[in-house]
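Data block below; observations after.
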Amino acid sequence: MGVTGQVESVCFEPVGMVISGRQEPRDDGWDQVESVVLLDEERFTPEALLGLSEFSHLEIIFCLHRVRPEKIHLGARRPRNNPAWPRVGIFAQRAKNRPNPIGATVCRLRAVEGLRLRLQGLDAVVGSPVLDIKPWFREYGPRGQVRQPAWVQELMQGYWTQAK
């Protein structure tokens, strides 16, 4: 925050882009999606990915670039507009229509090929700008018991697998 209490804006330059995988955003069935992220060839060499193949999973930070500004939520809403679920604030859910449409997903690393990462289970679509790539360390997972409301488990039932 600035001296006046105003939050200063932040600007990022993508490190790469999703170049293959799912074409259209959908709510469910992401686990079997195979994607390729290509690093920016003008900024990086394969050396930037040296050692990454030692990891089974990566955390990919990306822009949800297809969210239209008029769809952004700043307050509370029902997740997926489901009347059975409670109204919760936008920061109490992982909806794509966020104030800053940024996605963060831990997915499987299948291969590192030059500046290309072959991934499985990345819930980003073709054309999504990638802001950062981080190896997943077990130690960054939750410490202690995890708590969440029941509606989250219902919402996530088909997110990674096809809904039954």
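The table for this structure:
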read-out: Residue check, ARG94 surrounded by 14 or more Cβ atoms within 10 Å (Cβ to Cβ) and either within 30 Å of LEU50 (Cβ to Cβ) or over 18 Å from the mean Cα position of the chain (by Cα) (or both); value: no
read-out: Subset of region 118-164 (residues that are part of a strand (DSSP E or B) and over 14 Å from VAL33 (Cβ atoms)); value: PRO129, VAL130, LEU131, ASP132, ILE133, LYS134, PRO135
read-out: Verdict on LEU109 being modelled with pLDDT of 95 or more, under 19 Å from LEU131 (Cβ atoms), touching a His at 6+ places or on another chain (Cβ under 8 Å) and not small (Gly, Ala, Ser); value: yes
read-out: Test: residue in region 33-42 that is under 15 Å from the mean Cα position of the chain (by Cα) and within 25 Å of TRP151 (Cα to Cα); value: yes
read-out: Single residue of region 56-71 satisfying the filter (surrounded by fewer than 15 Cβ atoms within 10 Å (Cβ to Cβ) and under 20 Å from the mean Cα position of the chain (by Cα)) that is farthest from LEU155 (Cα to Cα); value: SER56
read-out: Subset of region 1-55 [loosely packed, with under 10 Cβ neighbours inside 10 Å, within 22 Å of GLY121 (Cα to Cα) and acidic (Asp, Glu)]; value: GLU24, GLU54
read-out: Region 19-31 residues that are assigned to a loop (DSSP other than H, G, I, E, B) and modelled with pLDDT of 80 or more, paired with ones that are among the basic types (Lys, Arg) and surrounded by 15 or more Cβ atoms within 10 Å (Cβ to Cβ) (beta carbon under 6 Å, 6 or more apart); value: none
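The values are calculated or read from the model by the stated rules, or taken from the named source; none is laboratory data. Here the structure is a predicted model, which means the values were calculated and not measured. Backbone-built Cβ (ideal geometry, glycine too); neighbour counts: all protein chains shown.
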